[in-house]
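Undergrad: Structure below; questions to follow.
Please treat every number below as a calculation from the coordinates, not as lab data. Quantities reported herein were computed from a predicted structural model and do not represent experimental measurements. Heads up, the Cβs are rebuilt from the backbone with ideal geometry, glycines too, and the neighbour counts pull from every protein chain shown.
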Amino acid sequence: MRGYPSGPHRREACGVNRKQFGTLLVAVVAAGFLGGATSDRLFRPPPAIAQEAAPPPTTVTADCVRARAFELVGPTGKARASLGFPLNGGPSLRLMDDAGRVRATLYLQFGGAPALELSDGAGKAATAISVAPFPGLAMTDNEGHEGVDLRLREDGTPALYLSQPGAKGSAVLEVPRLQDAQLWLADREGRYRASLGIDRDGPHLNLCDEAGKARALLEAGRAGFARLLLIDEASRWRGCLSLDEKGAAAELWDPNGQTIWRAPQQTPR
């Protein structure tokens, strides 16, 4: 049976001597180093580049947002403002207080006229501003009765109406176009019983009966002239008390206009 050679004969049998083995070992190590360096360069990820800070999220702006109603709520979740269409009405903007009561309403009336209402703590309209059928400002009391009405009439006449609850009108102040200011006082039935005005000659005061007819006229004119006229139901002058630069005078007339008494004996102005 043939055995394996041993000693020097074994290395010769393998065909590799000591010098050749050393050379092979150096070559293997060098090949491993070069291969590792090459693979590191080939497969190494690119150097990291410092990333810039991410830009803030962009806000998307819509060209048009369409809806039937919008509601704005406060920190507690209660509605504080709303924009929409009330029943059988035009668009309106409503502002509410902490209790949810509507305190201000901006809306369009039928026909497109704008109006603004300001309400009290009970939710009742206390002040209203409108432009139709005429520009005006109205104020109401706690019971909803309109007490103040400031308006501009169609002919351009500004007028102020002051009234009591249940009354048709107790006071009217107006300045007609191309005329002088006038103040009218009416009873609870709406009948004008007194008027105070001023014209080119001076101030004048008229007192009327229930039928609206003038029954007394007090006026002050130029150059110190003043007089008081008493008028009957048929609008006829029946008495006059006057004062001018010549002095005081008085006169009474009958229904036919005939003088029945005079003092002094001269016709008063």
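Undergrad: Quick one: length gained pulling Cys64 to Phe110 fully straight, 0.36 nm per residue minus the C-alpha distance?
TA: Net length gain for the segment: 14.0 nm.
Undergrad: Another one. Could you pull the Cα extents of the range 111-269 along its three principal axes, largest to smallest, in whole Å?
TA: Projected onto its principal axes, the Cα set of the range 111-269 covers 69, 29, 28 Å.
Undergrad: As an exercise, use a Förster radius of 41 Å and the Cβ-Cβ distance of Leu162 and Leu95 to find the FRET efficiency, rounded to the nearest 0.05.
TA: 0.90
Undergrad: Just to confirm my numbers, what's the Cα centroid distance between the range 144-223 and the range 92-137 in Å?
TA: Computed from Cα coordinates, the inter-centre distance equals 29 Å.
Undergrad: Another question, then. Assuming R0 = 30 Å, what is the FRET efficiency of Ala79 and Thr127, from their Cβ-Cβ distance, to the nearest 0.05? Could you put the intermediate results ahead of the total?
TA: Values: r = 22 Å, r/R0 = 0.75.
It comes out at approximately 0.85.
Undergrad: Between Ala194 and Ala234, what length comes free when the chain is fully extended (0.36 nm per residue of separation minus the Cα-Cα distance, one decimal in nm)?
TA: Here the segment from Ala194 to Ala234 would lengthen by 12.6 nm.
Undergrad: How far is it, in nm, from the label point at Arg103 to the one at Ala214 when both lie 7 Å from their Cα along the line to the Cβ?
TA: Here the answer is 5.1 nm between the modelled labels.
Undergrad: I'd like the FRET efficiency for Ser170 and Ala250, computed as 1/(1 + (r/R0)^6) with the beta carbon distance as r and R0 of 30 Å, rounded to 0.05.
TA: Efficiency at R0 = 30 Å is approximately 0.30.
Undergrad: I need to check one value: relative contact order of the range 199-269, counting alpha carbon pairs closer than 8 Å and at least 6 residues apart, in percent. Can you show the working numbers first?
TA: Details: 140 pairs, mean separation 13.3, N = 71.
Averaging sequence separation for qualifying contacts and normalising by length gives 19 percent for the range 199-269.
Undergrad: If you place +1 on the Cβ of every Lys and Arg, -1 on the Cβ of every Asp and Glu, and leave all else neutral, what size is the dipole of the range 69-126 about its Cα centre, to the nearest 20 Debye? If you can, show how the numbers build up before the last one.
TA: Numbers: 6 positive and 5 negative charges, 10 e Å.
The dipole of the range 69-126 has a size of about 40 debye.
Undergrad: Between Gln258 and Leu207, what length in nm is gained on full extension when 0.36 nm per residue of separation is reduced by their alpha carbon distance?
TA: In short, 16.0 nm is gained.
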